[in-house]
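**Student:** Shown below is the structure under consideration.
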Amino acid sequence: MLNSQRTPKELGYFFPAEFAQHSATWLSWPHKEESWPGKIETIYPVYAQFVKLVAEGEKVNINVSDEKMKQKAIGHLQKANADFKNIQFFFHPTNDAWCRDHGPAFLVNPKEKKRMVVKWNYNAWGGKYPPFDLDNEVPISIAKQYNLPLAKPGIVMEGGSVDFNGKGTVLTTTSCLLNPNRNPHLKQSEIEKLLINYYGVENVLWLGDGIVGDDTDGHIDDLTRFVDEETVVTVVEENKSDENYHPLRENLEALEKMKLENGKPLRIEILPMPSAVIYEGQRLPASYANFYIANKYVVVPTFRDKNDDRALSILQKHFTDRKVVGLDSTDIIWGLGSFHCLSQQEPEIV
């Protein structure tokens with residue numbers, strides 16, 4: 001535990017932007033068949049390609065439950081021709097694969113060259129998918145493994161519900177953080193104070209509703225993402241008859257009125273949405289905003305859609321130091337998330 005009455009912010013810690021350099025990416029190997037009913041085997045080739053790409057530029061740390069799961073993972077990664085010199089496995093059992101939400105939130109203190117872990121509570125998006133007891137322990141296991149101080153704010157928070165510019169601004173949504181299935185005892189101002197103190201920010205920007213099919217109640221990582229300290233990309237639906245049209249327009253209008261921590265307006269770039277992805281009668285939360293910024297690549301979910309190439313080219317403009325790569329997420333999205341939801345970065349101390 002953190003041996004101090006002071007908060008991480010008071011101690012000089014903050015949560016870096018995803019586009020800052022990583023020392024590693026954390027993943028939890030997918031194994032829960034109910035998350036991809038009738039389809040889990042189809043996701044492994046693309047998931048292994050994702051691991052391969054990320055491992056070209058940084059370590060990839062993969063949580064597995066036991067030796068049998070580790071060997072299965074190795075088999076899939078070998079088929080993908082992944083380079084194992086940057087891939088390591090840790091026996092941290094999980095209930096599910098969504099490491100963005102159950103993984104550790106690593107904060108850094110650049111002056112002291114130190115890191116710490118903030119362990120938010122995890123309840124599987126409002127208790128929707130029990131059990132989640134193993135997932136809730138993952139940050140504790142990783143903090144122990146690294147012998148890092150651990151702070152426990154004591155409230156439910158998921159990594160996919162927040163996005164950072166690394167300079168003091170965090171983006172989130174009222175539909176998720178103010179949902180009564182998370183922290184019903186807290187007001188918006190109280191949640192904001194916890195975000196400030198435990199992520200080391202000073203400026204909290206609130207958007208509204210998420211996209212249709214998102215079972216997280218509106219995670220920001222399907223909507224709007226920082227691509228540099230002053231610029232966000234935000235998804236907009238062009239088809240006026242689509243269910244996402246009005247909520248995404250409202251988010252765009254809200255962004256246009258927002259200010260960064262330095263008082264400047266946000267620079268806003270529009271990302272298209274793919275056409276509706278429907279499987280077994282269910283609308284899935286397909287969004288190009290669910291990309292993952294690794295050290296060498298920006299890995300973007302694609303959906304065999306006419307807008308795939310357009311989304312990739314828009315993002316490539318903003319990542320001149322990285323190659324933007326699309327990976328087919330048509331099967332993975334049946335789990336109601338994609339590459340960003342599956343990963344959590346461990347920042348480098350610079």
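The values are calculated or read from the model by the stated rules, or taken from the named source; none is laboratory data. As the structure is a prediction and not an experimental result, all values here were calculated from the model. Using ideal geometry, Cβ is built from the backbone for each residue, glycine included, and neighbour counts are taken over all protein chains shown.
**Student:** Scan (1) closer than 23 Å to residue 102 by Cα; (2) surrounded by fewer than 20 Cβ atoms within 10 Å (Cβ to Cβ) for the single condition residue 323 breaks and write down its number.
**Tutor:** The single condition residue 323 does not satisfy is (1).
**Student:** Related question: Let me confirm something: among 85, 111, which residue is assigned to a loop (DSSP other than H, G, I, E, B), surrounded by fewer than 17 Cβ atoms within 10 Å (Cβ to Cβ), out of contact with any helix residue (DSSP H, G or I) (no Cβ under 7 Å at 6 or more places or on another chain) and not small (Gly, Ala, Ser)?
**Tutor:** Unique residue meeting the criteria: 111.
**Student:** Assigned to a loop (DSSP other than H, G, I, E, B), of a type outside the set (D, E, K, R) and either free of Cβ contacts under 8 Å to residues at least 40 places away in the same chain or under 22 Å from residue 201 (Cα atoms) (or both), is that true of residue 20?
**Tutor:** yes
**Student:** Turning to a different aspect of this structure: Considering only segment 49-75, how many residues are under 17 Å from residue 135 (Cα atoms) and either outside any helix (DSSP H, G or I) or among the basic types (Lys, Arg) (or both)?
**Tutor:** 6
**Student:** Residues that are touching a Phe, Trp or Tyr at 6+ places or on another chain (Cβ under 9 Å) and either free of Cβ contacts under 8 Å to residues at least 40 places away in the same chain or surrounded by 22 or more Cβ atoms within 10 Å (Cβ to Cβ) (or both): list the strands (runs of 3 or more DSSP E) wholly contained in segment 179-278 that include at least 3 such residues.
**Tutor:** Result: 231-236.
**Student:** Answer yes or no: is there a residue in segment 148-162 that is at pLDDT 95 or above, over 17 Å from residue 346 (Cα atoms) and of a type in the set (Asp, Glu).
**Tutor:** No, the conditions are met nowhere in segment 148-162.
**Student:** Moving on. Which one of the conditions (1) without any contact (Cβ under 8 Å) to a residue 40 or more places away in the chain; (2) basic (Lys, Arg); (3) over 30 Å from residue 196 (Cβ atoms) does residue 283 fail to meet, given that it meets all the rest?
**Tutor:** Just one mismatch for residue 283, condition (1).
**Student:** Let me ask something else. Among the residues of segment 276-290, is any closer than 27 Å to residue 105 by Cα and basic (Lys, Arg)?
**Tutor:** no
**Student:** Going by what's in this entry, would residue 198 be described as touching a Pro at 6+ places or on another chain (Cβ under 6 Å) and at negative phi?
**Tutor:** yes
**Student:** Examine segment 78-87 for a residue that is in contact with a strand residue (DSSP E or B) (Cβ under 7 Å, 6 or more places away or on another chain) and not acidic (Asp, Glu), and state whether such a residue exists.
**Tutor:** yes
**Student:** Could you run through segment 213-232 and say how many residues are of a type outside the set (D, E, K, R) and under 14 Å from residue 258 (Cα atoms)?
**Tutor:** The number of residues fulfilling the criteria is 4.
**Student:** State yes or no: is residue 65 among the hydroxyl-bearing types (Ser, Thr, Tyr) and more than 20 Å from the chain's Cα centre (by Cα)?
**Tutor:** Taking the combined requirement at face value, the residue satisfies it.
**Student:** Would you pick out the residues in segment 144-178 that are surrounded by fewer than 16 Cβ atoms within 10 Å (Cβ to Cβ), of a type in the set (D, E, K, R) and either in a strand (DSSP E or B) or without any contact (Cβ under 8 Å) to a residue 40 or more places away in the chain (or both)?
**Tutor:** 144
**Student:** Mind listing whichever residues of segment 301-316 are without any contact (Cβ under 8 Å) to a residue 40 or more places away in the chain and either under 19 Å from residue 165 (Cα atoms) or not in a strand (DSSP E or B) (or both)?
**Tutor:** 303, 304, 305, 306, 307, 308, 309, 310, 312, 313, 316, listed by residue number.
**Student:** Quick check on my filter: what residues within segment 279-295 are part of a loop (DSSP other than H, G, I, E, B) and exposed (fewer than 15 other Cβ atoms within 10 Å of the Cβ)?
**Tutor:** The answer is 280, 281.
**Student:** Tell me the residue from 118, 108 that is touching a residue at least 40 places away in the same chain (Cβ under 8 Å), aliphatic (A, V, I, L, M) and closer than 15 Å to residue 157 by Cβ, please.
**Tutor:** 118
**Student:** Still on this structure, I have one more. If you scan segment 1-47, which residues turn out to be surrounded by fewer than 19 Cβ atoms within 10 Å (Cβ to Cβ) and of a type in the set (Gly, Ala, Ser)?
**Tutor:** 4, 12, 20, 23, 38
**Student:** Do we find a residue being of a type in the set (Ser, Thr, Tyr) and under 27 Å from residue 62 (Cα atoms) anywhere in segment 312-323?
**Tutor:** The answer is no; no qualifying residue exists.
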